[in-house]
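Laboratory data are not the source of any read-out in this text; all were calculated from the coordinates shown. Remember, predicted model here, so these are calculated numbers, not experimental data. Neighbour counts run over all protein chains shown; Cβ positions are idealised from the backbone, glycine included.
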Amino acid sequence: MHEWAIAMSVVSSVEKWALERNAKVKKVLLSIPSLSMLEVEILREAFNVIKKDSKIADAELEVIVRDQNFSCRACGNKFTLKDIRSQLEPILRDFGEENPLHVVPALITTFAKCPKCSSHDFEVDSSIKVEAVEI
Ligand SMILES: [Zn+2]
């Protein structure tokens, strides 16, 4: 049900933005990190239901899945899922689609480390961003 809470906050923030500018919103472009576990279809469905009672009832939601970013708390290195893919291969091979990372993305810090300094203390970017609003 996380999707509904997100859709609700996207609708209300874009609605506020549109009211301030007296703009008619045609499209909202949202980006989510690839490890977010969010179901894009549920997100869109939730958006479509919630928007009906708002000032952006005609807006369409487009969701893009962006490359998962990490940032190391030990050395400040920034890296992406691609950079640590090889470290995760054993676990993906053993568990396939049912791998624990799919269920609990935060576990990635247990299985992977910073490619630069080998620390397991890195931050997983989980921000949901409104990238653009088309009017
Ligand atoms: Zn590091």
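Rounded to the nearest 10 degrees, the inclination of helix 40-51 to the longest alpha-carbon principal axis of the chain is 30 degrees.
Using helices alone, I'd like the mean residue ellipticity at 222 nm for the chain: each DSSP H run of four-plus residues gives -39500 (n - 2.57), total over residue count, nearest 500.
-12500 deg cm²/dmol
The protection proxy used here, the mean number of other Cβ atoms lying within 10 Å of each residue, ranks peptides 31-40, 90-99 as follows, highest first: 31-40, 90-99.
Local charge for TRP4 was computed over the other residues whose Cβ lies under 12 Å away, with Lys and Arg +1 and Asp and Glu -1, and equals -2. Partners of LYS51 within straight-line reach, counting aspartates and glutamates whose Cα lies under 13 Å from its Cα and excluding those fewer than 8 residues away in the same chain: GLU15, GLU60.
Taking every alpha-carbon pair under 8 Å whose residues sit at least 6 apart, region 25-70 reaches a relative contact order of 63 percent. Subtracting the Cα-Cα distance of ALA57 and TRP4 from their residue separation scaled by 0.36 nm leaves 17.5 nm. About the centre of its Cα atoms, the chain shows a dipole size close to 500 debye [charges on the beta carbon of Lys, Arg (+1) and Asp, Glu (-1) only; nearest 20 debye].
Which entries of LYS24/LYS129; LYS52/LYS129; LYS52/LYS82 show an alpha-carbon separation above 31 angstrom in the structure shown? Correct reply: LYS52/LYS82.
Per-residue 3J(HN,Hα) values for region 120-133, derived from phi via the Karplus relation 6.51 cos²θ - 1.76 cosθ + 1.60 with θ = phi - 60°, read 8, 8, 10, 8, 9, 5, 10, 6, 9, 10, 7, 7, 7, 10 Hz in sequence order (x marks Gly and Pro). Model label sites at ARG85 and ARG73, defined 7 Å from Cα along the beta-carbon direction, differ in position by 2.8 nm.
Extending 7 Å from the Cα toward the beta-carbon at both CYS117 and VAL65 defines two label points whose distance is 3.1 nm. Label sites at VAL104 and VAL49, each approximated as a point 7 angstrom past Cα along Cα to Cβ, lie 2.9 nm apart.
With R₀ fixed at 25 Å, the C-beta to C-beta distance from VAL40 to GLU20 puts the FRET efficiency at about 0.35.
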